[in-house]
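Here's the structure we're looking at; comments come further down.
The values are calculated or read from the model by the stated rules, or taken from the named source; none is laboratory data. Quick caveat, the model's predicted, so the values are computed rather than measured. Here the Cβ positions follow ideal geometry from the backbone for every residue, glycine too, while neighbour counts run over all protein chains shown.
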2 protein chains.
Amino acid sequence: MPSMLDIPADLSPLQDHLAGSLSLVERRVADALRSDLPAVHSLCRHVARYHGKMIRPALTILSALAAGQAAQPHASVATDPHTPTPDPILVVATVCEMVHLATLVHDDVLDTADTRRGQGTINALHGNEAAVILGDYLFSAAFHLCSSLGDKDTSQSIASVGMTLCAGELLQNAHRHDLSLDEATYFGIVERKTASLIAAACRLGAKHAGAPANLVAALERFGLRLGVAFQIQDDLLDLTGDQRVVGKSLLKDLEKGKLTLPMIHHLTTADAVQRGRTLLLLEDAADRASDTAEALRRALESTRSIAHARTVAETLVREAREALGQCPPSPARRMMELMADAVVTRAF
Amino acid sequence: MPSMLDIPADLSPLQDHLAGSLSLVERRVADALRSDLPAVHSLCRHVARYHGKMIRPALTILSALAAGQAAQPHASVATDPHTPTPDPILVVATVCEMVHLATLVHDDVLDTADTRRGQGTINALHGNEAAVILGDYLFSAAFHLCSSLGDKDTSQSIASVGMTLCAGELLQNAHRHDLSLDEATYFGIVERKTASLIAAACRLGAKHAGAPANLVAALERFGLRLGVAFQIQDDLLDLTGDQRVVGKSLLKDLEKGKLTLPMIHHLTTADAVQRGRTLLLLEDAADRASDTAEALRRALESTRSIAHARTVAETLVREAREALGQCPPSPARRMMELMADAVVTRAF
């Protein structure tokens, strides 16, 4: 994530610190997945290539810095980004990234996806069996590493997030092809399947930096709002993005029968005639008809549904920044504000 | 499991105690999976019907009784089966059952199985998506419940078993259609994918009963030997069982390209001509040819490979009983001996 930001010069020491910590997280993921069985080891090495912007571990480390400064105003951990990230914070960051990687491996099975980050997916290369079992292996390895902290609250939080992520996916699955999906249910899905892990990454970073309860809660709120905004922007890019920039095929959500915020808004605000036309277009989208995308965009524009979704995402980002406002000013807080802004301006 | 045993009259109080504890385990599984989302709750209720003989939680409870007696010779928990099973032991028993249920849900996806225990599978009724995610939900719920104990060793053991189970499945998957699979690799697969959870169920039962380290290790050894013997008997039933008694279609292993102990023994001991004939039969088995089963059985008899596998399983059961011999005599120990014997005599 930080690499996509235009970082002011005075944040560059923090950016270097973050890059260093994230490469430690990458190494710890590899260590946690290491197996003496070549059949297991080679699959895990492949998954290591799925590391992307590493938003979740970055937020754990930044939350620890932003909230930890309040806890220990004179401690070097908070004020000096050159101080190494303390071990429990690195562990939590690594666990959050591993849970994320596990969901990616299973998502690719569910979406019958062939490529991820320019690599073949595990299911495409080794079959669905290997991908389902490997995802389970990653979940178990994440819980194993998490248990090493010997902290009951952290272990229960991560396991609880695992349940919540799955509940969100099951809720979404139950509403596939449901053309009367409402906004409340949509938010219920997104908060669970996307925002819960991001919120936990922030909360646990703050907690392990010794932050007071009100700041831990504020950081969790930041992550929750940011996570929902992030998903809405993902949904928007699926409808309006430039395929070459987004780097994946568009209209995937509609093809899978998943209604997202702009479409929910459109279907509830369009008049009967427009609604009927859109429902026909949605059938075409499911059949991958080629000129449907442009017609759907025009339909969404007619009810200003793209603008509506953008406004909702921007409001969430503002609320996320407000939550951050409880932390004292710091380079980490500023970096998180920039990340929050970038969520709704990114084109990929 | 106890229901398939011919229980002597003096063990019937213990049997009643065990039945009572196992119904508590069933209730705790239901509690741990409860969700306020109907889409999640209904799937979890369906999974509750997968409880079978509940071997793993039964072994946790019995191991606690058998090994706990040595730790607390005067404590009522060990000597009086009417004393309720202590809470941590019930939790461990419940966690082991939940991990087992999670693997069943994912196994059914991998095997494209339509029925389990006379019920439709989750994948058959609700699709692969729901089944993959539900399995993840069950794993996470198991880790969540396990974390509630606040015991680092137990949490790490269960997460480690999760990794080991998956490693065994991945190893098996990597050797599918490998006609030169050797016995050492076969045992490496079976110890991981089947025996590791049974061993952990026994070990953690003994540990939470406060048993000394040598007894905890002996109970783990008992579970490991028993688990491997159990899998060999499963393999034998797939080749030689009566489909109406076993309750599932036979030759499933060969159809999926999995070589089991009798076939490995046969292929390594048969002469070149017989080997060639068997390899042709194996191709037929993969095509579900109807009269292949009888021809394969005759081939296996010609090299005494069924008898070889039986002998190996019986040896493992003897070793399991020897490990149990380190516990003082008790009704629980006798029940476990009967269970061990039943593993190799069962026809289903």
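Can you name every residue in the range A:1-56 that is assigned to a helix (DSSP H, G or I) and of a type in the set (S, T, N, Q)? Break it down into steps so the answer makes sense when it comes.
Within the range A:1-56, the subset assigned to a helix (DSSP H, G or I) is A:2-4, A:9-33, A:38-50, A:55-56.
Within the range A:1-56, A:Ser3, A:Ser12, A:Gln15, A:Ser21, A:Ser23, A:Ser42 qualify.
Number of residues in the range B:24-47 that are hydrophobic (A, V, I, L, M, F, W, C) and away from chain A (no Cβ under 13 Å): the value is 4. Checking the stated criteria, B:Ala174 turns out not to satisfy the condition of being touching a Lys or Arg at 6+ places or on another chain (Cβ under 6 Å) and within 12 Å of chain A (Cβ to nearest Cβ). Evaluate the range A:145-156: report whether one residue or more is more than 7 Å from every other protein chain (Cβ to nearest Cβ) and among the basic types (Lys, Arg). No - not one qualifying residue is present in the range A:145-156.
Taking the range A:193-212 as the range and being more than 11 Å from the chain's Cα centre (by Cα) and either within 18 Å of B:Ser35 (Cα to Cα) or aromatic (Phe, Trp, Tyr) (or both) as the test, no residue passes. Need the failing condition index for A:Gln156 against (1) part of a helix (DSSP H, G or I); (2) in contact (Cβ under 8 Å) with a residue 24 or more places away in the chain; (3) under 23 Å from A:Arg225 (Cα atoms), just the number. It is condition (2) that A:Gln156 fails.
Being hydrophobic (A, V, I, L, M, F, W, C) and farther than 21 Å from B:Pro57 by Cβ holds for only one residue in B:Leu324, B:Leu338, B:Leu300, and it is B:Leu300. The conditions of being within 13 Å of another protein chain (Cβ to nearest Cβ) and surrounded by fewer than 24 Cβ atoms within 10 Å (Cβ to Cβ) are not met by B:Leu90. The set of residues in the range B:99-144 being among the charged types (D, E, K, R), at the interface with chain A (Cβ under 10 Å from one of its Cβ atoms) and surrounded by fewer than 24 Cβ atoms within 10 Å (Cβ to Cβ) consists of B:Asp107, B:Asp111, B:Glu129. For the residues A:Ala130, A:Ala141, A:Ala93, the requirement of being outside any loop (DSSP other than H, G, I, E, B), more than 25 Å from B:Gly168 (Cβ to Cβ) and in contact with a helix residue (DSSP H, G or I) (Cβ under 6 Å, 6 or more places away or on another chain) singles out A:Ala93. Restricting attention to the range B:183-196, the residues that are more than 12 Å from every other protein chain (Cβ to nearest Cβ) and among the β-branched types (Val, Ile, Thr) total 2.
Inside the range B:178-194, residues that are of a type outside the set (Ser, Thr, Tyr) and closer than 15 Å to B:Leu165 by Cβ make up a count of 6.
At least 3 residues being modelled with pLDDT of 95 or more is the threshold, and among the helices (runs of 4 or more DSSP H) wholly inside the range B:174-284 those reaching it are B:183-190, B:196-208, B:213-240, B:261-269.
So, in the range B:292-326, how many residues would count as being under 17 Å from B:Thr269 (Cα atoms) and in a helix (DSSP H, G or I)?
So the answer is 15.
When B:Ser180 is tested against (1) of a type in the set (Ser, Thr, Tyr); (2) more than 8 Å from chain A (Cβ to nearest Cβ); (3) surrounded by 18 or more Cβ atoms within 10 Å (Cβ to Cβ), only condition (3) is not met.
Restricting the first member to the range B:121-139 and to residues that are free of Cβ contacts under 8 Å to residues at least 40 places away in the same chain, and the second to residues that are charged (D, E, K, R) and not in a helix (DSSP H, G or I), the beta-carbon pairs closer than 7 Å and six or more apart or on different chains are B:Thr121/B:Asp114; B:Ala124/B:Asp114. Looking only at residues of the range A:285-317 that are modelled with pLDDT of 85 or more and among the charged types (D, E, K, R), we find that the one that is farthest from A:Leu239 (Cα to Cα) is A:Glu314.
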